[in-house]
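Peer 1: First the structure, then my questions, so here it is.
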Amino acid sequence: MLLVDDHEGMREGISAVVNAQPEMTVEGEAADGHEAIQRFRELQPDVSVVDVTLKKNSGEEVLATLNKEFPNARFVVITALNGDDCIRQALSLGAQCYLHKDMLRRELLPAIRAVHDGQHYIPEAIAKRLKNGH
């Protein structure tokens with residue numbers, strides 16, 4: 001797995017949780033969008049967890065660039081942003097999952113597993129927002 005977030009503490013926390021799972025390993029990390037694209041090209045991970053708000057290329061630019069080069073890439077988008085436009089944009093750019101950072105404790109591992117298995121994973125709270133057009 002590739003982990004992309006500009007906050008070192010967030011990367012450390014997610015890495016610890018993921019690496020504690022017997023079937024998961026964080027193979028690489030990136031702190032900005034430019035580094036994320038380079039690391040993805042090097043590693044070609046099964047799943048990438050990408051924050052939307054990054055320096056040097058936004059998470060959306062990362063998704064757009066990598067999906068063009070690697071159409072089968074699998075992305076879990078994480079963010080502190082909570083706007084419906086952001087959710088729709090990430091999904092339209094090829095993300096298979098969108099998680100608000102306050103959902104990570106309960107949703108991250110099931111999301112990574114589902115996306116790894118080729119499924120989409122949209123938590124109920126986000127699905128309701130999209131359905132109701134909020």
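Peer 1: Could you say which residue among Glu29, Glu60, Glu35, Glu23 is out of contact with any strand residue (DSSP E or B) (no Cβ under 7 Å at 6 or more places or on another chain), modelled with pLDDT of 95 or more and buried (at least 19 other Cβ atoms within 10 Å of the Cβ)?
Peer 2: Glu35
Every residue, every condition in (1) assigned to a loop (DSSP other than H, G, I, E, B); (2) under 20 Å from Arg105 (Cα atoms); (3) under 12 Å from the mean Cα position of the chain (by Cα), yes or no:
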position	(1), (2), (3)
Glu23	yes, yes, no
Val26	yes, yes, no
Glu35	no, no, no
Gln38	no, no, no
Thr53	yes, yes, yes
Asn57	yes, no, no
Ala73	yes, no, yes
Ile78	no, yes, yes
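Peer 1: Among the residues of the stretch 69-93, how many are more than 18 Å from Asp117 (Cα to Cα) and not aliphatic (A, V, I, L, M)? Please lay out each step first, then the result.
Peer 2: Our first condition is that a residue be more than 18 Å from Asp117 (Cα to Cα); within the stretch 69-93, this holds for 69, 78-90, 92-93.
Then keep just the ones that are not aliphatic (A, V, I, L, M); that gives 69, 79, 82-86, 88-89, 92.
Selection size over the stretch 69-93: 10.
Peer 1: Which one is surrounded by the fewest Cβ atoms within 10 Å (Cβ to Cβ), of the residues in the stretch 93-134 that are modelled with pLDDT under 90 and small (Gly, Ala, Ser)?
Peer 2: Filtering first and then ranking leaves Gly133.
Peer 1: Can you tell me which of Asn67, Asn72 is over 15 Å from Asp5 (Cα atoms), polar (S, T, N, Q) and touching a Leu at 6+ places or on another chain (Cβ under 8 Å)? Lay out the reasoning, then the answer.
Peer 2: Values: Asn72 fails: touching a Leu at 6+ places or on another chain (Cβ under 8 Å).
The conditions single out Asn67.
Peer 1: Conditions: (1) among the hydrophobic types (A, V, I, L, M, F, W, C); (2) free of Cβ contacts under 8 Å to residues at least 60 places away in the same chain; (3) under 16 Å from Leu3 (Cα atoms); (4) not in a helix (DSSP H, G or I). Val49 meets all but one. Number of the miss?
Peer 2: Against the list (1) among the hydrophobic types (A, V, I, L, M, F, W, C); (2) free of Cβ contacts under 8 Å to residues at least 60 places away in the same chain; (3) under 16 Å from Leu3 (Cα atoms); (4) not in a helix (DSSP H, G or I), Val49 comes up short only on (2).
Peer 1: Could you check the stretch 74-88 and list, in sequence order, the residues that are within 14 Å of Arg129 (Cβ to Cβ) and buried (at least 19 other Cβ atoms within 10 Å of the Cβ)?
Peer 2: Narrowing the stretch 74-88 to residues within 14 Å of Arg129 (Cβ to Cβ): 79, 81-88.
Scanning the stretch 74-88 gives Thr79, Ile87.
Peer 1: Another question, if that's okay. Please determine whether any residue of the stretch 53-73 is more than 30 Å from Asn132 (Cβ to Cβ) and in contact (Cβ under 8 Å) with a residue 60 or more places away in the chain.
Peer 2: Within the stretch 53-73, the subset more than 30 Å from Asn132 (Cβ to Cβ) is 55-57, 65-66, 68-72.
Next, from what is left, pick out any that are in contact (Cβ under 8 Å) with a residue 60 or more places away in the chain: none.
Checking the stretch 53-73: not a single residue is more than 30 Å from Asn132 (Cβ to Cβ) and in contact (Cβ under 8 Å) with a residue 60 or more places away in the chain.
Peer 1: Let me ask something else. Among the numbered conditions (1) within 22 Å of Thr25 (Cα to Cα); (2) at pLDDT below 95, tell me where Val49 comes up short.
Peer 2: The number of the failed condition is (2).
Peer 1: Right, here's the next one. Looking at (1) surrounded by 17 or more Cβ atoms within 10 Å (Cβ to Cβ); (2) under 29 Å from Glu124 (Cβ atoms); (3) over 13 Å from the mean Cα position of the chain (by Cα); (4) not hydrophobic (A, V, I, L, M, F, W, C), which one does Thr65 not meet, given that it meets all the others?
Peer 2: If we test Thr65 against (1) surrounded by 17 or more Cβ atoms within 10 Å (Cβ to Cβ); (2) under 29 Å from Glu124 (Cβ atoms); (3) over 13 Å from the mean Cα position of the chain (by Cα); (4) not hydrophobic (A, V, I, L, M, F, W, C), just (2) comes out false.
Peer 1: Quick check on my filter: what residues within the stretch 74-118 are of a type in the set (Ser, Thr, Tyr) and free of Cβ contacts under 8 Å to residues at least 12 places away in the same chain?
Peer 2: Ser92 - this is the single residue of the stretch 74-118 that is of a type in the set (Ser, Thr, Tyr) and free of Cβ contacts under 8 Å to residues at least 12 places away in the same chain.
The values are calculated or read from the model by the stated rules, or taken from the named source; none is laboratory data. A quick note: this is a predicted structure, and the numbers were derived from the prediction, not measured. Neighbour counts are summed over all protein chains in view; Cβ atoms, including those assigned to glycine, are modelled from backbone coordinates with ideal geometry.
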